[in-house]
Amino acid sequence: MTETVPALKALSRNIFHYKRHSLKTVSLLWGALLLTQSCGGKSLRSTKVSGAETTASVYFSSSTPFLPLKQVRDEREELQRLIDEHAESGTPLKLPSGLHYISASLKIPSNLTIEGTGNSTEIFLMNSEVKGQNVFRIVKGSTNISFKNLKINANQQGNTGADLVAVFVPENVKKISFEKVCFAGGRDRGVVQVKGLNDQPVVGVRFVNCEFIEAGRTAVELRGTKDVEIKNCTFRNWGMFNADSPAIQLQSQDNIDVNISNNKFYNSFGRQFAIECAAAYVVNGKISNNQLLDQQNLGGNGISGYFKNTEISNNSLVGGNGNQRSGLEIFGINNRILNNCVSSGCIAIAPGLKEDGFNITITGNKIATKGENAAGIQIGNGKYNLRDVIIKNNIVDTRKAKGNSSAVVIGTYHLRRMVKDIVVEENTLYSNAFCIRMEALPGSSNIAIRKNICKAGMNWLGVITDSFDNVILEGNIKEMPNKEILYSIKMPSFTER
């Protein structure tokens, strides 16, 4: 059964500031309220009120109090009652179009579906200076919760207290989904904050066909989750108050079985990647077929973080600042980086949180860099070492970069590391420096460089450190004028085949 919840939809989200509108408009709205009184307090569902500056539909019922027009009607108590009733009965709560104002968080228990008619059904958090405000706060340990076809607005401008989050999900929640939901608000946390723990994860999180239209910091923050899907969503205007913020942040606790696919990211403020996993792992993940756009070249359209057994594939990164923040910076083990197109950034591979990085495949990618010291594909950095890395069938171009910007760097990404069992094979390489640069810590070994097409560069191969054993150079094609190997130090020459 459809419940009609009282609401006043008129003028704008700043309806409280009615002085901005004409006295004629205000008097017309007041007349609509008096008309309700003259009708004996009966429900008047869609009274059209027209004036010189605005046309509005007023929704209210016999329980609507007559408040001064500089205020709006707080529907929190009635909405909470309906939420509790529908959760108990297991029937969907269907909200009509309208701007539904609430003064504090709505608590969401198990077995509840809230469904609107689209963005015209808007739950709006009224102005406050209180810390920790939410529109919806999920009850710890609850299950089977769904939101569909509505707008959730935490009112970023009007709520100035810290920790403003539109939807807060604590640990041990199971099966929560958002479909065709528009999210707005958020200040210094995620607009949606899912805060599970490794031993009490939030399980079964879905965002499908959703819009995230503004975020002071991050749009979606995930901690301690399992079985997550973010699909066909659009992200805009994250990092409005803190530009060092990604659109999606996975952090602090592991996130397992994560699928982020077919989304569009339009960066206008951020300079700290679009998707980032910090201080914990994404395990068994797939990040694929996303469009990450950074037309202002700020550096907020890359993918970065700690991953295990994760595929990052078929993503298109357009625009960017030319280095890893507009590229793929991947730490960890058992990862596959396949068929991505990076128009202005690099691929950088580094070890894990507390272990060597190993079993990494980088295949079929197209990479172009720009700026200072912006190499194309780099392996190194961190506290640990790297082994079993395959770099194959990539097209890399660093000719728009400056300084130390080789197409492939074996052993160094900011810091030198020991590298073993590395294959660089059948790549097409353009560079303003070396096509391939070798620079690593002592003990590095088993480096196979085969059948690469070196199209442009100062030299096809530059060897910076005498720290490699068992180097195989075989079948490489050198199309630049200088076809020799450049050695930066005195050392035995490598044998080419």
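Quick look at the values:
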read-out: Net length gained if the chain between SER488 and VAL208 were fully extended (0.36 nm per residue, minus Cα distance); value: 95.5 nm
read-out: Semi-axis lengths, Å, segment 78-202, gyration tensor of Cα atoms, sqrt of 5 times eigenvalues; value: 20, 19, 12
read-out: Among GLY299, ASN365, ILE330 - extreme Cα towards positive end, dipole of the chain, charges at beta-carbon; value: GLY299
read-out: Cubic angstrom per residue, convex hull over Cα atoms of segment 321-426; value: 76
read-out: Alpha carbon convex hull of the chain, projected area averaged over orientations, nm²; value: 24.9
read-out: Members of LYS308/LYS400; LYS131/LYS151; LYS151/LYS354; LYS366/LYS402; LYS286/LYS420; LYS264/LYS478 lying beyond 31 Å, as alpha-carbon distances in this model show; value: LYS308/LYS400; LYS151/LYS354; LYS264/LYS478
read-out: Label-point separation in nm, THR234 to ASN111, each point 7 Å along Cα→Cβ; value: 3.7
read-out: Only Lys, Arg (+1) and Asp, Glu (-1) charged, at Cβ; segment 266-413 dipole about Cα centre in debye; value: 160
read-out: Residue-level accessible surface for TYR281, protein heavy atoms, 1.4 Å, Å²; value: 10
read-out: Accessible area of the chain divided out per residue, in Å², using a probe of 1.4 angstrom; value: 40
read-out: Cα gyration tensor, segment 337-494 - rounded (a/c under 1.5), prolate or oblate; value: rounded
read-out: Reduced Cα scattering model of segment 404-459, Debye log10 I(q)/I(0), q = 0.13, 0.17, 0.30 Å⁻¹; value: -0.31, -0.53, -1.18
read-out: Cα pair distances in segment 116-177, grouped into 10 Å bins until the bin that holds the longest one, percent each; value: 22, 43, 32, 2
read-out: Normalised contact order of the chain, rounded percent, pairs of Cα under 8 Å and 6 or more residues apart; value: 6
read-out: Virtual spin-label span in nm between GLU88 and ALA279, 7 Å along Cα→Cβ; value: 4.2
read-out: Label-reachable residues, segment 430-456, where backbone N falls under 20 Å from a point 7 Å from LEU415's Cα toward its Cβ; value: 438-445
read-out: Full-stretch length increase - LYS354, VAL139 - with 0.36 nm per residue and alpha-carbon distance subtracted; value: 73.9 nm
read-out: Whole-percent carbon and sulfur share, accessible surface of the chain, 1.4 Å; value: 48
read-out: Degrees, to the nearest 10: 76-89 long Cα axis against longest axis of the chain; value: 80
read-out: Angle between the chain longest axis and helix 23-38 axis [Cα atoms, degrees, rounded to 10]; value: 60
read-out: Over segment 129-250, volume per residue of the alpha carbon convex hull, in Å³; value: 85
read-out: Spread of Cα-to-Cα distances over 10 Å intervals beginning at zero, given as percent, for segment 377-420; value: 27, 49, 24, 1
read-out: Sum of -39500 (n - 2.57) over DSSP H runs of 4+, divided by residues of the chain (222 nm, nearest 500); value: -2000 deg cm²/dmol
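The values are calculated or read from the model by the stated rules, or taken from the named source; none is laboratory data. Note that the structure is predicted; figures quoted are calculated from it, not measured. So basically every Cβ, Gly included, is an ideal-geometry build from the backbone, and we count neighbours across all protein chains shown. Ligands, DNA and RNA are stripped out before the accessible areas are found, and what is left, the full protein with its side chains, is counted by its heavy atoms. Shrake-Rupley method; radii C 1.70, N 1.55, O 1.52, S 1.80 Å.
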